[in-house]
Amino acid sequence: MLLYPSVRDHGVALCERAGYDVTVRDDSRGPPALATPTGDATGLVDRADPQPIAIEPLTEADVGPSGLVPRFVDAVREARDCLFVVPSTAEMGTTLTQVVATVLGDPACLAANSPDGRQFYNGPDRVPLSDGTYACARAPEDDLQWREVQVDQDRPRLELGVGTEVVAVLEHVDSLADAGRHAFQHAYRRADNGQFEVTDGDGVVTRFPGPTAMRRGGYPPVPMPLVPEHLFPADGDRSRWAVCQPDGGADVLTNAGLQARN
């Protein structure tokens, strides 16, 4: 995993000054550093309620839903607060902290939430189908958007759209656990020769040497949406996060707003 030591060390220093004991980890399992509050600690996320903290230094590529949400989920599952530390430059530092706050703030880990239904961020995983293939779409990957649509009084159905065009429909979000092949026009599989075969209802449409070539060829894999209830424990607190940047000094942005630290 790519890691900027200076970014990690800024988060470590903030926690130590707040009265936490910090352990820096060298393995790839779990956060790169863990902070445990001492008896004299001032909470970094909530001043009155210091909790163990997972320190998550990020690269520019990590600052987005697919990089943030899985790390935050891990922290919540372990009953830890999460301190994200973003790389900072004069051009982009403040913007990166705002991206973190937008993704994790209200509505927490959702692109949008309205009475008509929710819009989901795209995650790093792909959508497996009931026949052993994976869903793909004939559309730019960045344009694929999962959203709920309220129909009558039943559970909202789940739609995959490109702008106003609907390219796949599932009964509801829980249908992602066993999505039928019929719901998607295109799917892909890895053939015995290692080629990735894109299929439609009539057979193989085209072949690619791998997922990167599929994207370049206009058939990106469909990303699994980040559905909060599928990821977080039912009793998990999605408000206990903070983000900081080296150029921001001791300031920490939390769900409650900007907090100045000594």
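The values are calculated or read from the model by the stated rules, or taken from the named source; none is laboratory data. What you see is a predicted model, and the numbers here were worked out from it, not measured in a lab. Glycine gets a Cβ as well: all are built from the backbone with ideal geometry, and neighbour counts include every protein chain shown. The accessibility values were calculated without ligands, DNA or RNA, using every heavy atom of the protein model including side chains. Shrake-Rupley method; radii C 1.70, N 1.55, O 1.52, S 1.80 Å.
On a C-alpha basis, how far is the centre of the stretch 221-262 from the centre of the stretch 50-126 in Å? Whole number, if you could?
Cα centroid of the stretch 221-262 versus Cα centroid of the stretch 50-126: 5 Å apart.
If one takes the longest principal axis of the Cα atoms in the chain, at what angle in degrees, from 0 to 90 and to the nearest 10, does the Cα axis of helix 93-104 lie?
60
When the chain is fully extended, how far beyond the present Cα-Cα distance does Asp40 get from Ser114, taking 0.36 nm per residue of separation? All intermediate terms of the calculation are to be shown ahead of the outcome.
Details: separation 74, 0.36 × 74 = 26.64 nm, distance 4.24 nm.
Separation in residues times 0.36 nm, less the Cα-Cα distance, equals 22.4 nm.
If I take R0 = 45 Å and measure r between the Cβ atoms of Asp247 and Arg207 in this structure, what FRET efficiency does the formula 1/(1 + (r/R0)^6) give, to the nearest 0.05? Don't skip to the end; give the middle numbers.
Numbers: r = 48 Å, r/R0 = 1.06.
Efficiency computed from Cβ-Cβ geometry: 0.40.
Remind me, what semi-axes does the stretch 86-150 give for its equivalent ellipsoid, largest first in whole Å, using sqrt of 5 times each Cα gyration tensor eigenvalue? It would help to have the intermediate numbers written out before the result.
Values: eigenvalues 161, 67, 22 Å².
Equivalent ellipsoid semi-axes, largest first: 28, 18, 10 Å.
Measure off, as a whole percent, the carbon and sulfur share of the 1.4 Å-probe accessible area of the chain, all protein chains present.
Working: 5840 of 13120 Å².
Here carbon and sulfur together make up 45 percent of the probe-accessible area.
Could you state the angle between the C-alpha long axis of helix 5-17 and the longest principal axis of the C-alpha atoms of the chain, as a value from 0 to 90 degrees rounded to the nearest 10?
Value to nearest ten degrees: 50.
If all Cα-Cα distances of the chain are sorted into 5 Å bins from 0 onward, what percent lands in each bin, rounded to whole numbers?
1, 6, 12, 15, 15, 13, 11, 10, 8, 5, 2, 1, 0, 0
Give the long-range amide H neighbours of His186: residues separated by 5 or more places, or on another chain, with amide H under 5 Å away, using H modelled in the peptide plane at 1.01 Å from N.
Cys136
Is it possible to state the helix-based mean residue ellipticity at 222 nm for the chain, with each DSSP H run of 4+ residues giving -39500 (n - 2.57), the sum divided by total residues, to the nearest 500 deg cm²/dmol? What is it?
Values: 5 runs with 48 residues, N = 262.
It lands at -5500 deg cm²/dmol.
Can you compute 3J(HN,Hα) from phi for each residue in the stretch 237-250, using the Karplus curve 6.51 cos²θ - 1.76 cosθ + 1.60 with θ = phi - 60°, rounded to whole Hz and x for Gly and Pro?
8, 8, 9, 9, 9, 8, 9, 9, 9, x, 6, x, x, 8
Please calculate how many Å² of accessible area the chain carries per residue, with a 1.4 Å probe and no DNA, RNA or ligand atoms counted.
Values: 13120 Å² over 262 residues.
That works out to 50 Å² per residue.
Once amide H atoms are built 1.01 Å from N in the peptide plane, which residues 5 or more positions from Met224, or in another chain, come under 5 Å H to H?
Under 5 Å from the amide H of Met224: Gly123, Asp125, Arg126, Val127.
What angle, in degrees between 0 and 90 and rounded to the nearest 10, separates the Cα long axis of helix 65-77 from the longest principal axis of the Cα atoms of the chain?
The answer is roughly 60 degrees.
Multiplying the sequence separation of Asp26 and Ala177 by 0.36 nm and subtracting their Cα-Cα distance, what value in nm do you get?
Details: separation 151, 0.36 × 151 = 54.36 nm, distance 3.44 nm.
Gain on extension, Asp26 to Ala177, equals 50.9 nm.
Calculated FRET efficiency, Gln185 and Ala79, Cβ-Cβ r, R0 35 Å, to nearest 0.05? It would help to have the intermediate numbers written out before the result.
Working: r = 43 Å, r/R0 = 1.22.
Rounded to the nearest 0.05, the efficiency is 0.25.
Whole-Hz Karplus ³J(HN,Hα) for the stretch 165-177, in order, using 6.51 cos²θ - 1.76 cosθ + 1.60 and θ = phi - 60°, x for Gly and Pro?
Coupling constants for the stretch 165-177: 8, 9, 10, 7, 9, 10, 4, 6, 4, 5, 5, 4, 5 Hz.
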